[in-house]
1. Among the residues in region C:115-130, are any in a helix (DSSP H, G or I), more than 8 Å from chain D (Cβ to nearest Cβ) and surrounded by fewer than 24 Cβ atoms within 10 Å (Cβ to Cβ)?
2. Taking the options C:Ile16, C:Ile103, C:Ile73, name whichever one is closer than 18 Å to D:Val171 by Cα and touching a Phe, Trp or Tyr at 6+ places or on another chain (Cβ under 6 Å).
3. So B:Ala75 fits all but one of (1) at the interface with another protein chain (Cβ under 7 Å from one of its Cβ atoms); (2) buried (at least 24 other Cβ atoms within 10 Å of the Cβ); (3) closer than 24 Å to A:Leu49 by Cα; what number is the exception?
4. Please return the ranges of helices (runs of 4 or more DSSP H) entirely within region A:1-91 where 3 or more residues are under 15 Å from B:Val35 (Cβ atoms).
5. Just to verify a result, which residue in region C:19-76, among those that are surrounded by 22 or more Cβ atoms within 10 Å (Cβ to Cβ) and among the polar types (S, T, N, Q), is nearest to C:Arg472 (Cα to Cα)?
6. Inside region C:140-159, can you point out the residues that are at pLDDT 90 or above, within 8 Å of another protein chain (Cβ to nearest Cβ) and within 25 Å of C:Gly356 (Cβ to Cβ)?
7. With respect to the numbered conditions (1) surrounded by fewer than 24 Cβ atoms within 10 Å (Cβ to Cβ); (2) within 9 Å of chain D (Cβ to nearest Cβ), which one is the sole condition not fulfilled by C:Arg164?
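The values are calculated or read from the model by the stated rules, or taken from the named source; none is laboratory data. None of these values were measured; they are calculated from a predicted model. Ideal geometry is used to build each Cβ from the backbone, glycine not excepted, and the neighbour counts take in all protein chains shown.
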Amino acid sequence: MAEVIRASLLIFDGLLALTLVGVAWQLLFGQGLFRSVLLFIALGLLLSLTWVRLGAPDVALAEAAIGAGVTGALLLVTLGRLRRMATGHARDRGKGS
Amino acid sequence: MAESLHAWPFFGSGVLLFVLGLHALVTRPHLLIKVLAFNVMGSGTFMVLLSAAARGSGEPDPVPQALVITGIVVAVSATAVALALMLRLYPILGGAGLPPGPPED
Amino acid sequence: MEGMSDGLTWAAWLLIVPLAGALLAGVWPRAGRWIALATSVLVALLALGAAAQVWTQGPQVVSLGGWVPPLGIGLRLDGLAAFMLLVAALVGLFVGGYSLGYIPRDGHGERFWALWLWLWAALNALFLSGDVFNLYVTLELVVLASTALVALSGGAAALLAAMRYLMVGLLGSMAYLMGVALLYTQHGVLDLGLLAQRGGEGTAMMLAATLMSVGLMAKAALFPLHVWLPPAHGSAPAPASALLSALVVKGAFYILLRLWLTVFQDLAHPGVMQLLGGMGMLAVFWGGFMSLSADRLKPLVAYSTVAQVGYLFLAFPFLLAGPGGWHAAVFLVAAHATAKACLFMAAGNLQEANGGDDRLASVAEVMRARPLTSFALGIAGASLVGLPFTVGFVAKWILLQTAITSGAAFWAVGVVAGGLLTGAYVFRLLGPAFRPGPGRSGRPVPVLREGVTLALALVCVLLGFAGSAGLRLIAATPVAGPGG
Amino acid sequence: MNPRPLSLLSGGLSALLALLLVSALWDTPVHEGVSASVAGAMGHTGVAHPVTAVLLDFRAYDTLLEMAVVLLAVLATWSLGRCDTLPARPVQGPVMRGGLRHLIPLAVLTGGYLIWAGGAGSGGAFQGGAVLAASGVMWVLAWPRRPDLPAPLGLRVGVTLGVAVFLAIGVAGLPLGPGFMGYPPGWSYGLILTVETAAACSIALSLVLLFLGGRPWRDAEDG
């Protein structure tokens, strides 16, 4: 029974590792900033799962709270400001000011 | 708890994350993507550090965990400064992409 | 060589005082200038005390919190660290005095003091740290403080330069961090001394050496990774440029030297060392030519930093030459730091007197009417070139001596050719002042600033007589890894 | 992926680096690292959890500098300029505020527990601080119009508190304990808990201020 569990865990780890690389590839080389930021937050959560699998619960907590949480919020709010600046610019250019 | 075979998938993906981040940092012009690339590189390094520690049987080594927690907090601080600087730069650059060459000031 | 208690106190206070000053200046920015002045005087005295401690009782590896490495973090108070702390204190003291006249009293100016003290605390922590991961955290502190200082003037060029500086700085830190991960994966310890004992030549060590070296070379702006430096040092406020060129660039070189002296001893093959030396020579010539072609004062001085950093990398080929081969290059750090800080201060004076325009053609008129600053510019330039009676001459002389005695005379040719090139762009800087023509003193510049600039130039001369003392202090560095 | 030479070159170099890294990691030995000596010295630290012991006792100096990095990041962001109001169009409707009215106290409670649990289990100053920061961010997003952020001096003291307390305790280690950044014997649990609480509060406030992205008050020259 232990053998089966270990094999299935190994498959799970393999899948998790592949997903991480896939998400990172999409996040870095895909199109669209908002999509990249969302994928980055997903990557943060996958990473905290990885830290649990590697036997580091403290790091999993820190990654989830800081890596996915605070950094994700920071990126989203920065994206919002960027978009507002872009529309601001367009409005200024539009008005020819 | 986890024998050496267990750590290998994460070694590989850690190295790949580091390398993908480095490549994206060099080739992608948009500053926000560069900031994401830094974080991905950092996560790759931390994955290498922790998978090495997870290879040994028995109690996992606490020192790499402390290093990674410190690294995550340092990464969020550097990201915050980079994003704040990028927002200040946006009206100047227009496209939030670094012009390739140094400006001829 | 267990850390004696007094060794720990000197090193500890050299960390506590600038950190406490930075915290205080952060909380109470309105009184920032007085806090900064008090801190700089105190740290200068502590640096002298630490140097005396090393001079009399030799180097110490002190363990923090009573935990001996590999468990705890060790601080290394040896000749190399004490020398760099002295250089940082000397430049910091003069930049402090200069900033009193340069930094306005409004809200924008108040932030300079806290950032400056943070940079100083980070540099002191960097010079003293004996732990590879701790060096990473100090590097991050240096990058953040320097980026904020470059971006302080707020102009488009400054913000762009700060962003580029931050990008290169973070890239260098990430490469360095992967090197630390490889070292810990290979050896399981982080202390420099213990890593030196274990040494080894596996692929992990070679890759760690490459990654950490490339990361630190990017931070030290060694050619061809120098692109970020001229805009950053050119557009930052004058005292910030002085600090960045004189100290921050040297911090990365210091870690690189420390690593190759301890952790990567076994990897220091002649081929690798010649490569580093060769890149240094390339930097000397590239920086020199770019300085020659620069048409503005600050970019010219900034490119000169790119050139002089090249000289420092001669320490690596000399590493194998003899036991003390690398001491000459470390002494050059002091020569360049004082001369470059003085040049940037003089450039700041002339730029302000000329109404913010530092094009060489129009600055010449102001130089003719401002003898104090021009005189300081001349002495600092002479020290940069290495003309007699300056610390630059002593440094270059020892460099030549090491090159010749070590049998690798072609480095000596490189040093002399580089010196001629430096002479070319320094005389291009000074030349217009000697030609007859109208002289206008331009906008008023506080006398304090000109006085401090001239004082630092005179220090460039006085240090010339401290050559042997400096070398003896640097020599108090255990190279083969401490026994403790 | 544009086929410009730069991206091909960097792609090739990155692939080469990946191979080198894997080959380097292939033959690194499996070792316990420092965990044996950490376990051995746990008795003197006064905390049961090894990671917290490493973070706040064995490598306390690292953590002090790390908290200094967070503080310096806040100072750098403040020196870059003022923060604009957040968010541009406030969220209407009762759902957000009603939900947050219950969620925020829960988040603060969880953060507090994490700080307390750090001594014996997994948790600690940074995780607790981050959860407190999350509750702060939610509060800022839900009630942006109420600019009752404390005065600039209060913000500055709050942000600096963590590093100042840790430095003071570290300096107290010089005369009383085993040197700089050392806890006097027998006092370490109490002191570590004090440092953790101060650090968590400072980090929570710092992360919220980093989220705001600039000086939340009007300075002399802001006009």
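1. no
2. Within the list C:Ile16, C:Ile103, C:Ile73, the selection yields C:Ile73.
3. (1)
4. The helices (runs of 4 or more DSSP H) meeting that bar are A:2-29, A:33-53.
5. Ranking the qualifying residues of region C:19-76, first place goes to C:Gln60.
6. C:Thr147, C:Ala148, C:Ala151, C:Leu159
7. Every listed condition holds for C:Arg164 apart from (2).
Table: residues versus (1) under 23 Å from C:Asp191 (Cβ atoms); (2) among the basic types (Lys, Arg); (3) out of contact with any Ser or Thr (no Cβ under 8 Å at 6 or more places or on another chain); (4) buried (at least 24 other Cβ atoms within 10 Å of the Cβ).
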{"site": "C:Pro237", "(1), (2), (3), (4)": "no, no, no, no"}
{"site": "C:Ser241", "(1), (2), (3), (4)": "no, no, yes, yes"}
{"site": "C:Val248", "(1), (2), (3), (4)": "no, no, no, yes"}
{"site": "C:Leu256", "(1), (2), (3), (4)": "yes, no, no, yes"}
{"site": "C:Thr262", "(1), (2), (3), (4)": "yes, no, yes, yes"}
{"site": "C:Gln265", "(1), (2), (3), (4)": "yes, no, yes, no"}
{"site": "C:Pro270", "(1), (2), (3), (4)": "no, no, yes, no"}
{"site": "C:Met273", "(1), (2), (3), (4)": "no, no, yes, no"}
{"site": "C:Gly278", "(1), (2), (3), (4)": "no, no, yes, no"}
